[in-house]
Amino acid sequence: MTKDVEMTDTNMRQDLTLVFLRVCLGAIFIYHARMKLGWMEFSILWETDNLIHYTYTQLGPFIQLVSQTLSFLSPSQAEFMAIMAALVEYFAGWAILLGFLTRTAALLLCILMTVAIYFHLPYGFNGAQGGFEWAMLCLAGSQSLLGGAGRFSIEGLISAITTAESQA
């Protein structure tokens with residue numbers, strides 16, 4: 001094999017690995033955010049008369065959890081943090097899954113998972129007992145995406161189009 005073929009083959013494997021990581025990690029973040037927001041059925045988004053009120057009601061347990069964990073925050077600050085955490089988890093999950101604004105989404109999720117590890121730390125490592133192993137795994141996955149989404153992503157498509165246009 002020539003060096004160019006070997007390099008292309010290696011790049012292809014890395015890009016495919018990033019696709020699988022993005023799809024798995026994005027799906028996990030989207031699922032958990034939908035649980036927090038009460039959006040388990042997508043039809044809720046267009047069937048609910050007052051989506052903001054419904055979502056706020058569904059966020060109640062998560063707001064209480066954030067308030068208890070970060071007891072140094074005022075109730076309104078804890079509420080704001082819980083809402084922002086759930087929305088970041090949801091939209092950053094989609095961004096990672098699609099490979100759009102991946103570095104920014106990954107950075108936000110790294111911060112979110114660091115806070116999640118802080119919350120789960122008292123319960124030990126074992127995730128089945130409320131420990132931090134899953135948060136740590138999601139942190140590691142998010143850190144892996146700080147380098148970008150790879151060629152098989154919206155970012156990769158935009159890059160390929162702009163490169164082709166500049167060479168024309």
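The values are calculated or read from the model by the stated rules, or taken from the named source; none is laboratory data. Quick caveat, the model's predicted, so the values are computed rather than measured. A quick note on method: Cβ atoms are made from the backbone with ideal geometry, for glycine too, and the neighbour counts reach across all protein chains shown.
Taking each residue of the stretch 46-73 that is more than 18 Å from residue 115 (Cα to Cα) and looking for partners that are at pLDDT 75 or above and assigned to a loop (DSSP other than H, G, I, E, B) with beta-carbon atoms closer than 7 Å, six or more apart or interchain, yields 54/38; 55/38; 58/38.
Looking across the stretch 26-47, the residues that are of a type outside the set (A, V, I, L, M) and either within 21 Å of residue 95 (Cβ to Cβ) or surrounded by fewer than 19 Cβ atoms within 10 Å (Cβ to Cβ) (or both) come down to 26, 29, 31, 32, 34, 36, 39, 41, 42, 43, 46, 47.
Look at (1) buried (at least 18 other Cβ atoms within 10 Å of the Cβ); (2) at pLDDT 90 or above; (3) more than 10 Å from the chain's Cα centre (by Cα) and you find that residue 59 fails only one, number (2). Checking each residue in the stretch 98-114 for being within 18 Å of residue 35 (Cα to Cα) and out of contact with any Asp or Glu (no Cβ under 7 Å at 6 or more places or on another chain) picks out 109, 113. Looking across 92, 128, 78, one residue alone is in a helix (DSSP H, G or I) and at pLDDT 95 or above. It is 92. In this entry, residue 112 passes the filter for residues that are in a helix (DSSP H, G or I) and crowded, with 19+ Cβ neighbours inside 10 Å.
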